[in-house]
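*Asks:* Below is a structure I'd like to ask you about.
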Amino acid sequence: MTSTTTSSTTGAGSSADWQQREAAVFFQAAKRVPLTIMRGEGTAVYDVEGRRYLDFVAGIATNSLGHRHPTVVEAIKAQADTLIHISNVFYSEPQVQLAELLVRHSALDRAWFCNSGAEANEAAIKLARKWGGMHKQGASEIISTENGFHGRTLAAITASGTERYKQPFAPLPGGFVVVPFNDIEAMRAAVTPHTCAILLEPIQGEGGVNLPSAGYLAAVRQLCDEQHILLILDEVQTGVGRTGTLWGYQQYGAEPDIMTLAKGLAGGVPIGAILAKEPVAACFVPGDHGSTFGGNPLATATGYSVLKFVIENDLPAEVARKGERLMRGLHGFEDRHGSIAEVRGKGLLCAVQFSRDIADQVMKQCVERGLLVNMLRANLVRFSPPLTVTDAEIDEALASFEAALKAAE
Ligand SMILES: *Cc1c(COP(=O)(O)O)cnc(C)c1O
């Protein structure tokens with residue numbers, strides 16, 4: 001692209017201007033809502049025209065403390081003013097502090113940092129295979145679940161149970177087996193002497209906010225114990241208070257051997273983490289794995305401040321209470337609106353499933369009324385507001401959602 005006018009490359013434009021410019025230069029690989037967001041404040045965001053929206057997407061469960069939270073802003077400013085990046089060939093304070101906090105408040109013993117959820121799962125897969133090589137006669141197979149989501153790298157899409165994410169990108173790495181979620185017999189049947197790990201989310205987020213059936217995760221844990229298999233829990237979406245406990249596994253009696261985190265950990269600054277029990281973590285020795293940006297001082301200082309805030313203010317308990325308020329409100333619509341097939345969720349991770357494919361219309365009607373929700377499927381919308389959302393904002397969102405539903409039906 002050689003001929004651009006000054007006015008098209010600089011200065012303020014309308015929402016539509018930016019969308020036009022994007023269409024000319026950007027890979028068209030994402031389906032976007034036609035909104036150009038300019039700034040955020042708490043649970044609210046504002047588009048370039050200055051319109052306010054309640055953000056019940058929150059970067060897909062990533063802006064855990066909302067927008068422009070002083071804890072996040074101060075952490076970034078202070079660390080930027082001190083040291084943004086240093087290679088992992090050196091030690092840095094924030095990295096150690098965040099690792100200490102994670103280890104102290106979880107069932108895991110060691111941590112390692114990267115930059116995203118997919119990268120954390122890649123590390124988990126490598127670690128499990130190294131463990132299989134050292135402790136289980138070279139076992140390398142990983143079992144995951146249909147409708148699971150673990151990110152977009154080749155190994156992560158292979159472990160994800162969604163065919164259209166994988167097929168165009170073949171050949172895919174071998175050694176992965178996918179079984180239906182919530183089917184312990186299928187899981188048991190898939191186990192072979194070559195199995196080194198089972199990888200799944202405590203609650204399937206991207207797959208539709210699918211909750212584990214009673215006893216399922218505990219049964220998976222027991223299967224792992226019996227068969228000498230590692231349990232990898234992908235808590236990229238469910239971790240850091242999202243479901244009403246600090247970690248999702250705490251509600252299901254299924255302590256993982258490896259846990260992966262990302263999304264909400266640093267309140268919107270890119271970060272990923274992998275945590276593991278001592279004997280598993282010990283399989284990685286110097287030189288086995290690495291990341292240039294992973295765990296840099298800026299990301300870990302922010303993560304440390306966010307996690308500390310979440311813990312010190314007992315946000316998980318708040319999330320449980322506020323999640324009930326949101327779910328109660330959504331359940332209240334079921335009688336009045338035949339288009340709702342099911343309301344489900346845990347904490348502040350909820351979904352409404354419709355009996356018809358009206359999610360797109362509902363989402364658009366929500367936008368019209370100043371509410372952002374995430375369309376997960378043609379018949380499903382997800383709510384994942386900041387953990388700091390207020391009761392009043394939940395009530396406002398519920399009112400907007402019902403009005404949107406009426407308009408879309
Ligand atoms: C979002 C998500 C990922 C991928 O995270 P990225 O940061 O986009 O790579 C992995 N697992 C789960 C459960 C997720 O929700």
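*Asks:* Of the peptides 113-119, 367-373, how do they stack up when ordered by the mean number of other Cβ atoms within 10 Å, highest first?
*Replies:* Packing order, densest peptide first, comes out as 113-119, 367-373.
*Asks:* Something else about it: By how many degrees, 0 to 90 and rounded to 10, does the Cα axis of helix 359-368 deviate from the longest principal axis of the chain?
*Replies:* The two axes meet at around 50 degrees.
*Asks:* Using only Cα atoms, find the angle between the long axis of helix 117-135 and the longest principal axis of the chain, and express it within 0 to 90 degrees, rounded to the nearest 10.
*Replies:* In the chain, helix 117-135 runs at an angle near 10 degrees to the longest axis.
*Asks:* Output the peptides 398-404, 378-384, 336-342 sorted from most to least packed, where packing is the average of other Cβ atoms within 10 Å over each peptide's residues.
*Replies:* The packing order, highest mean first, is 378-384, 398-404, 336-342.
*Asks:* Now a separate question. Order by neighbour count: Thr158, Thr292, Thr238, fewest other Cβ atoms within 10 Å first, most last.
*Replies:* Going from sparsest to densest Cβ surroundings: Thr292, Thr158, Thr238.
*Asks:* So how tilted is helix 297-312 from the main axis of the chain? Cα-based, degrees 0 to 90, rounded to 10.
*Replies:* For helix 297-312, the angle is close to 80 degrees.
*Asks:* Let me ask another. About its Cα centre, what dipole magnitude does the chain give when the only charges are +1 on Lys and Arg Cβ and -1 on Asp and Glu Cβ, stated in debye to the nearest 20?
*Replies:* Charge dipole of the chain: 480 debye, to the nearest 20.
*Asks:* Sorted by packing (mean other beta-carbon atoms within 10 Å per residue), highest first, where do 343-350, 120-127 land?
*Replies:* Highest mean packing first, the order is 120-127, 343-350.
*Asks:* Continuing with this model, one more query. Summing Lys, Arg as +1 and Asp, Glu as -1, what charge do residues with Cβ under 11 Å from the Cβ of His337 carry, His337 excluded?
*Replies:* Combined, the nearby Lys, Arg, Asp and Glu give -2.
*Asks:* Considering only the stretch 70-312, what is the antiparallel percent among its DSSP beta bridges, to the nearest 5?
*Replies:* 40
Values quoted throughout were computed directly from the atomic coordinates according to the rules given, and no laboratory measurement underlies them. Because the structure is a prediction, the values reported are computed rather than measured. A quick note on method: Cβ atoms are made from the backbone with ideal geometry, for glycine too, and the neighbour counts reach across all protein chains shown.
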